[in-house]
Amino acid sequence: MVTQSLTSPSPACDSPAKLKRAAGAAVGWIISEGLTGYPLALETMKAHATAVAAGEAREAVWLVEHPPLYTSGTSAKETDLLAPERFPVYAAGRGGQFTYHGPGQRVVYLMLDLKERGRDIRCFVQGLEGWIIDTLAAFNIKGERREGQVGVWVARPERGPGRYDKIAALGVRVSRWVSFHGVSINIAPDLAHYAGIVPCGITDQGITSLEDLGQLVGMPEFDGALRRNFERRFGPAERAAPETLVSGS
């Protein structure tokens, strides 16, 4: 696993070509319908990332929804799991702390070959944040980075001075320069489900969603904006069937 300081944006990462493959090969853009079990997703993304590293599969971006569950990252504190019996809890193996996944939240797993995309994990993380910020802007939401934090936030001055609510979480792992895990963006989840954890270890800010901010957006519409903005930063993507993912079984 490769680690770097990830929370300080670098102007050098903002080059339009920084995260694009020189060859311009299209990434497989895969959308799974219904709810995808977390153990299956974890096994599949690991297997596909291994195949990408070996040159046996092409890069993939996999969009899913999960049933209600909590996941713990490598920095998770046991005391931040406030209601361990509420939903299933899974060790994710990614960076970060506890987070929630559930219906109404778009989870995007990215299995990308960073050897072909600049070999810079900080720029990769910054690019993922920028991708989410650009996508939110399409729905008149101003997403922001916060110094010292990973993810995307929305200012909520009506809730108090200096108040920011998190709208998108990010947790990635990189092995042999291939990424897996990814991002989650709150479209219209049940925000009360976050009460069972201390999300991302943060106690002084809140959680929000497009619905909470007054934007009623369907998942297909949001996915279209995600893809358009992905292609601007990362290069072409083409629809592919879930069966093209390498099986973890």
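The values are calculated or read from the model by the stated rules, or taken from the named source; none is laboratory data. Treat the numbers as computed from the prediction; the structure is a model and nothing was measured. Positions of Cβ are backbone-derived with ideal geometry, glycine not excepted, and every protein chain shown enters the neighbour counts. Ligands, DNA and RNA are stripped out before the accessible areas are found, and what is left, the full protein with its side chains, is counted by its heavy atoms. Shrake-Rupley method; radii C 1.70, N 1.55, O 1.52, S 1.80 Å.
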request  = List the cysteines in the chain whose Cβ has no other cysteine Cβ under 4.7 Å from it.
outcome  = C200
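Specify whether the C-alpha gyration tensor of segment 31-90 places it in the rounded, prolate or oblate class, a ≥ b ≥ c being the square roots of the eigenvalues: rounded for a/c under 1.5, otherwise prolate if a/b is larger than b/c and oblate if not.
Working: a/c = 3.60, a/b = 1.76, b/c = 2.04.
In terms of gyration-tensor shape, oblate.
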message = Net charge within 12 Å of R228 by Cβ-Cβ distance, Lys/Arg positive one each and Asp/Glu negative one each, not counting R228 itself?
response = -1
request  = Please list, in chain and number order, the residues 5+ apart from Y164 or on another chain whose amide H is under 5 Å from its amide H, with Hs placed from the backbone.
outcome  = R156, G206
request  = Kindly list the residues of segment 123-149 that lie in the label zone of R232, defined by a backbone N under 20 Å from the point 7 Å along the Cα-to-C-beta vector.
outcome  = 123-146
query = Applying the Karplus parametrisation 6.51 cos²θ - 1.76 cosθ + 1.60 with θ = phi - 60° to the phi angles of segment 187-193, what ³J(HN,Hα) value in whole Hz is obtained for each residue in order, glycine and proline being reported as x?
reply = 8, 8, x, 7, 5, 5, 5
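Run the accessible area of segment 30-149 with a 1.4 Å probe and give the carbon-and-sulfur part as a rounded percent. Intermediate results must be reported in sequence, preceding the final value.
Numbers: 2270 of 4720 Å².
Answer for segment 30-149: carbon and sulfur cover 48 percent of the accessible area.
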request  = For T36, list long-range residues whose amide hydrogen, built 1.01 Å from N in the peptide plane, is under 5 Å from its own amide hydrogen.
outcome  = E65, H66
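Quick one: accessible area per residue over segment 1-244, 1.4 Å probe, rounded to a whole number of Å²? If you can, show how the numbers build up before the last one.
Working: 10440 Å² over 244 residues.
Each residue of segment 1-244 exposes 43 Å² on average to a 1.4 Å probe.
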request  = Multiply the residue separation of E33 and R239 by 0.36 nm, subtract the distance between their alpha-carbon atoms, and state the gained length in nm to one decimal.
outcome  = 72.8 nm
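As an exercise, identify the GluC sites (Glu not before Pro) in segment 114-223 lying in DSSP coil whose Cβ has no more than 16 other Cβ atoms within 10 Å.
Values: sites: E116, E129, E144, E147, E158, E211, E221; in loops: E147, E211.
Listed in order of number, the matching sites are E147, E211.
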key: V178 long-range amide H proximity, modeled H, under 5 Å   = L114
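So how do 100-109, 25-34 stack up, highest first, on mean other-Cβ count within 10 Å?
Ranked from most to least packed, the peptides come out as 100-109, 25-34.
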key: Span from the segment 40-57 Cα centroid across to the segment 125-198 one, whole angstrom   = 25
